Amino acid sequence: MENLISNISELIIAFSDFVWEWNAPFLVGAGIFFLFYSKLTPFKYILHAFELIRGKHTKQEDIGEVTHFQALTTALSGTIGLGNISGVALAIGYGGPGVIFWMWITAIVGIATKFFTCTLSVMYRDVDEDGTVRSGPMYIIKNALPKSMMPLAYFFAAAGLIGALPGFQSNQMVQMLETIPIFEFKYFNLMAGIILAMITGAVIFGGLVRIAKVSQWLVPSMSILYFGSVMVALILNFESVIPAFQIIIEDAFTGSAVAGGSVIAVIIMGVKRSAHSNEAGIGTESLVHGAAKTSNPVKQGLVAMLGPIFDTLIMCTSTALLIIISGVWLDIGPGVEGVKLTAEAFSVLLGPVGYAILLICVVSFGASTIFTYSFYGSACAQFLFGKKGVKIYQWVIIFFVVVFAVIPVKTAIAVIDLSFAFMAIPTLISSVWLAPKVIEKAREYFATLESESSSIEA
């Protein structure tokens, strides 16, 4: 039986790697297209995007379920978190420090991608009579593309059912807790998975509004705690920061730290981990951003594009520097990967206090990400099966919280990576197809914004 499970696991990992060899150029290529097609216009309004999340341009009568800030923090709870803590560690452990450089590149083009995908999500969302909003790539395809393209919508939703399962989060949370001496006993993983499943059920049955309310205070507070701790470690080791950046850049073009020395392998790993970190182009981000209260779709596109800045360019880089400076990546022991590698780095640089802070952050981030992913999967279930399908899927999520808690991390991450690769296909096809619509809407909005600014100055 163990051999069968092991063979299935290896097959999933191999197939995921194969799909990403084709998907990585598609994801980055689409981002480059959005970057140049928009003539970098969204980047000029980054400060305006920060004003939007502070609620400066929001009106009470705006249609939607959650505020700009809640939409961003809910989406960030699916990105800022274990993707930044253990995802970065996995990337360095499997592909070397050079992976981080390619995560940066993917994030930069991902800023433009998020602007397009999330603007479209608001433009073509469905709003029920009771005010409930349904959004995402499947609704963009349904409402804006020819009927012949509907199979793409169903394909995205089907992949989303698997991609939204809490594989990585459940697995890494339990692995982190497992490092505490008092939890070193038989069947701990199973027991921890069951307890986590019960907590998950208590939150996700409350729907998007409850998830958003949890995320709006949990994500910012944990981000400040985590980032602040990393900054302390980096300041204490300031002389090693520049050399760490040099290691990242040098390894990005040599692939010396990855098995086989393949630069292509480093690039693919970087794109994969960046996609998991910030979700740009995957489509999951537009599921929640599309539900934001806004008077103009472009507003939410601007808010959404801040995601890759926060979670990849800032949070992932901070974690990477910590791991590289600590030196733990140079001699990775057996069974030390993902969150355990990050934990070792924290322990080396900050001692027991750092380890305790990481433990709190991992549990908090992992839980908030599971809550957000449950909304992603529920939205896909609703599209495919209606409201009855949502309740069934929520129980499926609770069940898989336990399953993923006890399987190897490589298998868990391969399942999610494979699903993300499939979800990106309909997301990017529809977004590239409808890019002219976004540009048209953006021109109108920016012209109005500049006109209002001129009248105020006058």
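The values are calculated or read from the model by the stated rules, or taken from the named source; none is laboratory data. Quantities reported herein were computed from a predicted structural model and do not represent experimental measurements. Here the Cβ positions follow ideal geometry from the backbone for every residue, glycine too, while neighbour counts run over all protein chains shown. Surface areas here come from the heavy atoms of the whole protein model, side chains and all, with no ligands, DNA or RNA. Shrake-Rupley method; radii C 1.70, N 1.55, O 1.52, S 1.80 Å.
Tabulated values for the structure
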read-out: Only listed residue being surrounded by 18 or more Cβ atoms within 10 Å (Cβ to Cβ), part of a helix (DSSP H, G or I) and modelled with pLDDT of 75 or more, chosen from Ile439, Ile429; value: Ile429
read-out: Failed criterion for Gly327 (all others in (1) open to solvent by less than 10 Å² (accessible area, probe 1.4 Å); (2) over 20 Å from the mean Cα position of the chain (by Cα); (3) of a type in the set (Gly, Ala, Ser) hold); value: (1)
read-out: Close pairs (9 angstrom Cβ cut-off, 6 or more residues apart or separate chains): over 17 Å from Ala89 (Cβ atoms) and in contact (Cβ under 8 Å) with a residue 40 or more places away in the chain in the stretch 349-362, among the aliphatic types (A, V, I, L, M) and surrounded by fewer than 18 Cβ atoms within 10 Å (Cβ to Cβ) anywhere; value: Ile360/Leu225
read-out: Some residue of the stretch 220-239 being modelled with pLDDT under 80, over 18 Å from the mean Cα position of the chain (by Cα), within 24 Å of Gly98 (Cα to Cα) and small (Gly, Ala, Ser); value: no
read-out: Condition check for Leu152: at pLDDT below 90, part of a helix (DSSP H, G or I), hydrophobic (A, V, I, L, M, F, W, C) and farther than 20 Å from Ser277 by Cβ; value: no
read-out: Test: Met138 is assigned to a helix (DSSP H, G or I), farther than 29 Å from Ala252 by Cα and either in contact with a Phe, Trp or Tyr (Cβ under 8 Å, 6 or more places away or on another chain) or open to solvent by 30 Å² or more (accessible area, probe 1.4 Å) (or both); value: yes
read-out: Residue that is of a type outside the set (Asp, Glu), at pLDDT 80 or above and within 29 Å of Leu152 (Cβ to Cβ), where the choices are Ile268, Ile323, Ile314; value: Ile268
read-out: Number of positions in the stretch 220-239 that are surrounded by 17 or more Cβ atoms within 10 Å (Cβ to Cβ) and among the small types (Gly, Ala, Ser); value: 3
read-out: Residue that is modelled with the highest pLDDT [pool: residues in the stretch 289-311 that are polar (S, T, N, Q) and buried (at least 21 other Cβ atoms within 10 Å of the Cβ)]; value: Gln300
read-out: Within the stretch 284-316, tally of residues that are among the polar types (S, T, N, Q) and over 15 Å from the mean Cα position of the chain (by Cα); value: 4
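This table checks each residue for (1) modelled with pLDDT of 80 or more; (2) assigned to a helix (DSSP H, G or I); (3) crowded, with 23+ Cβ neighbours inside 10 Å.
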{"site": "Asn23", "(1), (2), (3)": "yes, yes, yes"}
{"site": "Ile32", "(1), (2), (3)": "yes, yes, no"}
{"site": "Phe36", "(1), (2), (3)": "yes, yes, no"}
{"site": "Lys39", "(1), (2), (3)": "yes, no, no"}
{"site": "Lys44", "(1), (2), (3)": "yes, yes, no"}
{"site": "His48", "(1), (2), (3)": "yes, yes, no"}
{"site": "Gly55", "(1), (2), (3)": "no, no, no"}
{"site": "Lys59", "(1), (2), (3)": "no, no, no"}
{"site": "Phe69", "(1), (2), (3)": "no, yes, no"}
